[in-house]
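J.: The structure follows.
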Amino acid sequence: MLKRINYSLFFVILIFGQFFAQDEGIYVPPQVKELYNNGTRSWDGKPGTDYWQNNSDYILKVELDPESGLVSGEGKIIYYNNSPDTLSKIVIRLYQDIFKASTPRDYGIKPEAFTDGIELERLVVNGEELDPDTAGYRSYTNYYLKMPAPALPKSKTEIQIAWNFKLSTKTLRMGKYREGGFFIAYWYPQIAVYDDVDGWDITEYTGSVEFYNDFNNYEVEITVPENYLIRATGEMLNANEILEPKIYDKYIRALESDSVIRIITVDDLDDGEITRYENNTWKYSAINVSDFTFACVKNYLWDGVSVIVDDKTGRRTFVDVLYREEDKNYDEGVYLSKLVVEDLSKNFPGWPFPYSHMTTFCNGSKRGGGMESPMMAVDGTHSNRTYLLSLLYHEIAHTYFPFYMGINERKYAWMDEGWATFLPKEFTHKIDSSYSHYMIPKYRYNAVLGKENNVPLMLLSKSVKGIPLYAINYGRAFFAYVALEELLGSDLFKIAMKEYISRWNNKHPLPYDFFFTFNDASGEDLSWFWKPWFYEFGYCDLGLEQNDEGDFIVKMIGNQPVPVEIKVVYDDGKEQIIKESTRVWKNGNKEFVLDIDENKKVSSIEIDVEKIPDYNSENNNLEFARQN
Ligand SMILES: [Zn+2]
């Protein structure tokens, strides 16, 4: 019996695989189909047996002069070509060139904020000294290094490089936010991703298109003047040599402390004794992460706390926050961040936080807003505590998507922004029952709902720029995930999510890998759902009608399936709530009859649209005059 069940299950999976391979489910472009047929990816949603990805070791030294804003670096990059291809060039990203006057940008900046971009001072490839001006060519923000000898499959290339740039006076996801408040990202020559889909990623950095990085190892030495504290991606290796003992002791205690430790206090700042020497070189090391950034602060408070993220092993994550006394609500920042890390680890997705620390740097902006990088986040302030919690949560949630899951956000921003918008949903409401986390995504989606701008999520993000268009990656994706959760039920949804994370962490999943994994893990072909939400133009709109027989009909007037919640009020004043999951619209079903008590007279029927987008609010109510 057992054997037979297994066999038929296997048969079902086999049919499934063929089903997708034959193009009857979702659309897979022939170029991508080849990857599935050739084994770098698999039709059941798993990484293929021939899956590969390239990576680098970065051994870098960098100095930041807070006075002049000069950043100068040198070091070695060892690039591992694990692909089956011979590479005649290597694409290196020079992000700082976005500040050159001549570079196209998605945001306008004042001429005074222009810089000369990044200067390459030295370039040595596999021991051969090259002139950076002739060894390759520069497009706007990319450098195409022509290899003196091609990088063969399974080979490594050693690049020694020295560079410098001046910080722009404009902050764009990095820079100098205020006196003594620096966040340094996009700062080193970074080898672009070479993958099985496109080969080299040559997307230019224009401001709104964000991450797609290899998983690399970093050893970084950062030199800054006295009393500047550095918090960076990875492990802080020599804090004992740099920090004043009284600060260091508190830091060490905080690494294991379940309650908040104020590591640098107002009194410590008044004493002016944070670091021991005039110039300090901070050493950090990070293994298998998709970027390296650092906060560089002076006269900042520093709070830390530790949280057990994996009950099985007792593994802890250190959560810390850098802020100023005037940053509203930030005295609670580390406590709230701790709750977030705990919630992500233990509730949903219920996957232990994958890194050893999570640091938030407050940039002081009163307009809120934030930016993520592995183990590091930049956040503004909020006068409302729950809004701050929601912001902290969003940026910390990015740890999973795009960092741990290696998402190509340059093409599929909904694969990370949608999740970072979705993940705080339950928790913010739990902490503050008056707060609806649906409000902001709804605001973002409503900005495009029913308009030309509501384009399919599968359009590559780099071609979908500017507000409100880009907001589909937050708003539309959020509601797609909400509708998916309602469709599968929260248990199965979580199982599928964990399966997706387990298969693709530290790799680069494509949208199809996500779709196929959810199909596989839920045991159901969800193509009917993927198509309207991810592939098609359209919108959400439910409506109510009464037909000639007197039946009450709920209609899906738009094409994006959503869960249904309806309140029926009877003449006797009694209320009935009718709920249907997204499943009620399966396979193109466009209407259903409401199951109501026929022995009573109906006074009103209303579609509850608090948790769903709905284009036309005028068809959401039916009201009847009372009969007695
Ligand atoms: Zn985000």
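J.: Note down the net charge around Thr223, summing +1 for each Lys or Arg and -1 for each Asp or Glu among other residues with Cβ under 9 Å from its Cβ.
T.: With Lys, Arg at +1 and Asp, Glu at -1, the net is -1.
J.: Okay, next question. Enter the Cα centre distance for the pair the stretch 554-628 and the stretch 265-305, rounded to the nearest angstrom.
T.: That distance is 56 Å.
J.: Considering only C-alpha atoms, what is the centroid distance from the stretch 356-388 to the stretch 481-508, in Å?
T.: Cα centres, the stretch 356-388 to the stretch 481-508: 26 Å.
J.: Could you grab the Rg to Rh ratio for the stretch 387-479? Cα atoms only, Kirkwood for Rh.
T.: Answer for the stretch 387-479: 0.98.
J.: With a 10 Å Cβ neighbour count serving as the proxy for reagent exposure, in which order, fewest first, do Glu158, Glu204 appear?
T.: Arranged by neighbour count, lowest to highest, Glu158, Glu204 become Glu158, Glu204.
J.: Counting only Cα atoms, I'd like the Rg/Rh figure for the stretch 40-106, Kirkwood definition for Rh.
T.: Taking Rh as the inverse mean 1/r over Cα pairs, Rg/Rh reads 1.14.
J.: If you bin the C-alpha pair distances of the stretch 302-437 every 5 Å from 0, what whole percents do you get?
T.: Per 5 Å bin, starting at 0, the Cα pair percentages come out as 2, 11, 22, 24, 21, 14, 5, 1, 0.
J.: Averaged across orientations, what area in nm² does the convex hull of the alpha carbons in the stretch 200-277 project?
T.: In nm², the orientation-averaged hull projection of the stretch 200-277 is 8.4.
J.: What residues qualify as long-range amide H neighbours of Arg316, i.e. H under 5 Å apart, gap of 5 or more or another chain, H built at 1.01 Å from N?
T.: Amide H neighbours of Arg316, under 5 Å, 5+ apart: Val309.
J.: Let me ask you something else. Just to confirm a number: summing +1 for Lys and Arg and -1 for Asp and Glu over residues other than Val124 whose beta-carbon lies under 13 angstrom from that of Val124, what do you get?
T.: -4
J.: For a test of understanding, tell me how many lysine pairs in the stretch 240-364 have Cα atoms under 29 Å apart, given they are 8 or more places apart or on different chains.
T.: Eligible lysine pairs with Cα atoms under 29 Å apart amount to 19.
J.: Using alpha carbons only, how many angstrom separate the centre of the stretch 89-104 from the centre of the stretch 142-180?
T.: Taking the Cα centre of each part, the stretch 89-104 and the stretch 142-180 sit 9 Å apart.
J.: Additional query: Using only DSSP helix segments of four residues or longer, with each worth -39500 (n - 2.57), what per-residue ellipticity at 222 nm results for the chain after dividing by its residue count and rounding to 500?
T.: Calculated from helices alone, the mean residue ellipticity at 222 nm is -6500 deg cm²/dmol.
J.: Continuing with this model, one more query. What's the exposure ranking of Tyr80, Tyr404, Tyr137, going from fewest to most Cβ atoms within 10 Å?
T.: Listing Tyr80, Tyr404, Tyr137 from fewest to most nearby Cβ atoms yields Tyr137, Tyr80, Tyr404.
J.: Another one. For Tyr140, what charge total do you get from the other residues with a beta carbon under 15 Å from its beta carbon, if Lys and Arg give +1 and Asp and Glu give -1?
T.: Charge balance near Tyr140 sits at +2.
J.: Same structure, new question: For Lys33, which lysines qualify as cross-link partners when the Cα separation must be under 19 Å and same-chain residues fewer than eight apart are set aside?
T.: Output for Lys33: Lys46, Lys411, Lys507, Lys531.
J.: In Å and on Cα atoms, what radius of gyration and Dmax does the stretch 57-145 show?
T.: Cα radius of gyration and Dmax of the stretch 57-145 are 15.3, 47 Å respectively.
J.: Provide, in order from the shortest bin, the percent of all Cα-Cα pairs of the stretch 218-317 in each 5 Å bin, continuing until the bin that contains the maximum pair distance.
T.: Pair shares across the bins are 2, 13, 20, 23, 21, 13, 5, 2, 0.
J.: While we're looking at this one, here's another question. Mind grabbing the base-10 log of I(q)/I(0) for the chain at q = 0.11, 0.13 Å⁻¹? Debye formula, identical points on the C-alpha positions, no solvent, two decimal places.
T.: Reported log10 I(q)/I(0), two decimals: -1.13, -1.47.
J.: Can you list residues whose amide H is under 5 Å from Ile612's amide H, if they're 5+ apart or on another chain and H is modeled 1.01 Å from N?
T.: Those lying under 5 Å, H to H, from Ile612: there are none.
J.: Among the trypsin sites (Lys or Arg not before Pro) in the stretch 253-335, which ones are in a DSSP loop with at most 13 other Cβ atoms within 10 Å of the Cβ? Mind listing them?
T.: Those that pass, being in a loop and sparsely packed, are Lys312.
J.: Just to confirm the filter: which trypsin sites (Lys or Arg not before Pro) across the stretch 556-628 are DSSP coil and have at most 15 other Cβ within 10 angstrom of their Cβ?
T.: Answer by residue number: Lys574, Lys590, Lys600, Lys601, Arg626.
A short reminder: the numbers here are calculations on the coordinates, not readings from a lab. None of the values given here were measured: they were computed from a predicted structure. Because the Cβ atoms are built from the backbone with ideal geometry, glycine has one as well, and the counts that use them run over all protein chains shown.
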